[in-house]
Amino acid sequence: MSENFVHIPVLFNQCMDGLNIKPDGVYIDCTAGGGGHSSGILDRLSDKGKLISLDKDDEALAECERKKSERGASNWFLVKTDYSQLDEAVHSLDIDKVDGILADLGVSSHQIDIPERGFSYATDGPLDMRMDTTQSLTAAKVVNTYKEEELARIFKVYGEERYSGRIAAGIVRDRRDNPFTSTIQLADRIVSYIPGKGRNEQQHPARRCFQAIRIEVNHELQSVEELLDKGPELLNSEGRFAVITFHSLEDRLVKDKFKLLENPCTCPREFPVCICGKKPIGKVITHKPIIADEEENKINFRAHSAKLRIFEKNAK
């Protein structure tokens, strides 16, 4: 299916500029997708430079493998793994440090557009939502086996859904007679659980719950936290860490982590000097996130919610 893999990378030029790519440097694309950002990085590298692209989606890796073969790019390394394990991936290639890390945390257009993947509430497909199709946990298992309290928590925390309790109760009630098997079936039922006033918004009423289920299935927030812990440690002097987020939960994690790396001091404000001994390891390049301009928003609807934040490691 790789020949049909379509994914438009968001904030492409901003990412390329923000990484401040050195031709002979080593870079990681934590979310290879269809190879859009990866190809851009590779274009800016010399033969001495290295690119490591990670993904846990076999179809994404197959598309990157095709592009790698077309280019004859022997300095492009593909690794199947979750981006939370980026340190292990890098070290497996006998590389200790890198000059830049890019992570596009959104679901790829390909994953959304292929009904069989079960990510979309707009087209009918199985309740799947796995980025790694070899894992056992699926959206169907979450919806049909999780307790009502756990479903409500997921919808509230991961989806920021104000009717989380009502939706969870409806799902548990209805699944007793008819287990949920398809995306449209679930989306339609979610809409029915939401009171009329809650349906009058621009986005689909099921969007937040689908996001919450996807995050749960793929352990996304846990992976982001590990990525943010490990990434800065892998950077060379003046190396950059660029992260694109698509919803407030992820963006908050990135913003807070970058801010902490820039100012880790835990001393009370009234202390005249720092005594905790925690020193900054770098600086935040983007004190306000970079967002798409009007032109990109017209071309790529996914860009509307994208936010890019960049951190730079201190010079030695």
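Exactly one residue among Glu70, Glu63, Glu59 is touching a Gly at 6+ places or on another chain (Cβ under 7 Å) and not hydrophobic (A, V, I, L, M, F, W, C), and that residue is Glu63. Taking segment 238-291 on its own, how many of its residues are among the acidic types (Asp, Glu), surrounded by 15 or more Cβ atoms within 10 Å (Cβ to Cβ) and within 20 Å of the chain's Cα centre (by Cα)? Summing the residues that are among the acidic types (Asp, Glu), surrounded by 15 or more Cβ atoms within 10 Å (Cβ to Cβ) and within 20 Å of the chain's Cα centre (by Cα) in segment 238-291 gives 2. Here Glu65, Glu70 are screened, and the one residue that is under 28 Å from Gln135 (Cβ atoms) and either open to solvent by 50 Å² or more (accessible area, probe 1.4 Å) or of a type in the set (Ser, Thr, Tyr) (or both) is Glu65. Here Gly106 clears all of (1) of a type outside the set (A, V, I, L, M, F, W, C); (2) assigned to a helix (DSSP H, G or I); (3) touching a residue at least 60 places away in the same chain (Cβ under 8 Å) except the condition numbered (2). Residue pairs whose Cβ atoms lie under 7 Å apart, sitting 6 or more positions apart in sequence or on different chains, and linking a residue in segment 282-309 that is farther than 13 Å from Phe246 by Cα and without any contact (Cβ under 8 Å) to a residue 40 or more places away in the chain to a partner that is part of a helix (DSSP H, G or I) and open to solvent by 20 Å² or more (accessible area, probe 1.4 Å), are Lys283/Glu262; Val284/Lys259; Val284/Glu262; Asn297/His304.
Every test in (1) more than 28 Å from Leu249 (Cα to Cα); (2) of a type in the set (Lys, Arg); (3) touching a His at 6+ places or on another chain (Cβ under 9 Å) is passed by Arg117 save one, and that test is (1). Considered as a group, the residues in segment 302-316 that are part of a loop (DSSP other than H, G, I, E, B) and small (Gly, Ala, Ser) include one that is farthest from Ile281 (Cα to Cα), and that residue is Ala306. Leu54 satisfies every condition listed in (1) in a helix (DSSP H, G or I); (2) open to solvent by less than 20 Å² (accessible area, probe 1.4 Å); (3) closer than 23 Å to Ser223 by Cα except (1).
The values are calculated or read from the model by the stated rules, or taken from the named source; none is laboratory data. These figures come from a predicted structure and were not determined experimentally. All Cβ positions, even for glycine, are placed from backbone atoms using ideal geometry, and neighbour counts span all protein chains on display. What goes into the accessible areas is simple: the full protein's heavy atoms, side chains included, and nothing from ligands, DNA or RNA. Shrake-Rupley method; radii C 1.70, N 1.55, O 1.52, S 1.80 Å.
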